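Right, one structure below, let's go through it.
Computed from the coordinates by the stated procedures, all read-outs in this text should not be read as laboratory data. Quick caveat, the model's predicted, so the values are computed rather than measured. Heads up, the Cβs are rebuilt from the backbone with ideal geometry, glycines too, and the neighbour counts pull from every protein chain shown.
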Amino acid sequence: MTAVSKKTEPLEALSDAVESGAGLPAVARAAAKVLDASVVLIDRSSAVLAVAGASPDQEKKLLAGGEEVTRVELRVADSAVGELRYRSATPPEPMIARMVTTLLALELERSRSPEWESEEVAGAFVAAVLAREVTDRGDIIARGAELGAALEPGAGVLILHAVPRAAQSGEWRARVMTLTQRALRSLGPGSLASAGGEEAAEIAVIVPAEDDARLERAAAGLARELEDSLSGFHLTIGRSRHAADPVDLYRAGNEARLAVNVGEAEGRSPLAFEDTGSYRLLLPAMSEDPRELERFYAETIAPLSAYDEQYETELVMTVEAYLDNDGNVAATAKQLFTHRHTIRYRLERVKELCGHDVSATEGREKLGLGLKTMRVLGIPSPRGPAMEPGSEAGRVPRGSDE
């Protein structure tokens, strides 16, 4: 390979990433290689869109700016579309730097789309459709078209939960929303999103699609893009089935919500509604009368969860493990690293608190369904200090005769 080809190969890779629509994380990584630098891409609203080649310490320095950080405004014609910041041991050649910034500016401009300029209107429309506040087929299609979404051939729903693994500075929810929207520009053109959530960011997206395969590709692509861009988050995506009739988007929204709640509880993402197994049987209750599910949860798992939260015990975890091990006390004790007598004591305490005997068939069925109800409702398992990372997790040493 000649010296010239070695020099141009990174530029070709950057051009390929832009032309193929690989997404901002891939484009940022390619730009970092060309510049031999750590880079950060920031849009004109100051949201961080992509970071490449930077350690956490370097990322902080890039975001803070300073003498060692080069800042370049990205422009297309007379419009500022964002900013590139980079730190490099050796300054790149001016012509190379100009080519990189031009390509990055074009990529940022390309990823912008007129239908997203009215984000509040789009968000309100998505929320209204999924809440069944808009039910007329013609109205749904017409309002979707005004926002750039062609819903007449059908659509589906994705729901994303993003939970920070550590404290985040700034408006991190806005960053999650921005990155989700930009990823879906190419993955699902015309997609409309609505954001919510407090401790976690929840984003509901209506994705115009003619079949399930298109929805599956959009969910898988979104997962890849966000994993690259949001390394400090726990991400879960739930996907509905395809809704051939836009009126059924309400049903699709409930399917996606059930899938994301189950996926979050079981550590599976992206998770399709059709892959949730027996949880699917709870969808009618969740859609039509969630209060019935809440009552069933209150009669089964809620007393155990409240006891765990108050006394830092592990009754809910013990019931889960006992059912997963087909009622085998020895296997449950081995899984939880505790003594079988402790397991038996906990199961007796379960019976006293909720009135269901997990050693009996009926009790196992009710408590098993209660756990499924908890997950479908999106209620997290109790995690007191004994369960936090770095603790002993409520376990006793192997070989103990507790």
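If you build a Gaussian network model of the chain, linking Cα atoms that sit under 10 Å apart, which residue out of PHE233, PHE125, PHE337 swings the most?
It is PHE337.
Which of THR300, THR101 comes first, and how do the rest follow, when ranked by fewest Cβ neighbours within 10 Å? Display every interim value, and only then the final one.
Working: THR300 24, THR101 19.
Ranked by crowding around the Cβ, least crowded first: THR101, THR300.
Work out how much length GLU19 to ILE141 would gain on full extension: take 0.36 nm times their residue separation and subtract the Cα-Cα distance, in nm to one decimal. Provide the component values of the computation, followed by the final result.
Working: separation 122, 0.36 × 122 = 43.92 nm, distance 3.16 nm.
Extending this stretch completely gives an extra 40.8 nm.
Could you give the nm distance between label points at SER79 and GLU59, where each point is 7 Å from its Cα heading toward the beta carbon?
So the two model labels end up 2.9 nm from each other.
Among ILE141, ILE343, rank each residue by its count of other Cβ atoms within 10 Å, from fewest to most, as a rough exposure measure.
Details: ILE141 16, ILE343 23.
Ascending number of Cβ neighbours within 10 Å: ILE141, ILE343.
So how much slack lies between GLU93 and GLU9, counting 0.36 nm per residue of separation and subtracting their Cα-Cα distance, in nm?
Numbers: separation 84, 0.36 × 84 = 30.24 nm, distance 1.54 nm.
Full-extension gain reported as 28.7 nm.
Springs between alpha-carbon atoms under 10 Å, Gaussian network over the chain: tell me which of ALA149, ALA166, ALA17 tops the mean-square fluctuations.
Among ALA149, ALA166, ALA17, the largest GNM mean-square fluctuation belongs to ALA166.
Mind checking which of GLY370, GLY53, GLY65 has the largest fluctuation in a GNM of the chain, springs on alpha carbons under 10 Å?
Comparing GLY370, GLY53, GLY65 in the GNM, the peak value goes to GLY65.
How do ILE203, ILE237 rank when sorted from fewest to most other Cβ atoms within 10 Å of their own Cβ? Let's see the in-between values first.
Numbers: ILE203 25, ILE237 28.
Ascending number of Cβ neighbours within 10 Å: ILE203, ILE237.
For Cα pairs less than 8 Å apart in space and 6+ apart in sequence, what is the mean separation divided by the residue count of the chain, i.e. the relative contact order in percent?
Working: 667 pairs, mean separation 45.5, N = 402.
Dividing the mean separation by the residue count of the chain yields 11 percent.
If I model a spin label as a point 7 Å beyond the Cα along the Cα-Cβ vector, how far apart are those points for SER359 and GLU216 in nm?
Each label point is offset 7 Å from its Cα along the Cβ direction, giving 4.6 nm.
If I take every Cα pair under 8 Å that is 6 or more residues apart in region 116-283, average their sequence separation and divide by the length, what percent do I get for the relative contact order? Walk me through the intermediate numbers first.
On the way: 322 pairs, mean separation 47.0, N = 168.
With pairs under 8 Å counted, the relative contact order is 28 percent.
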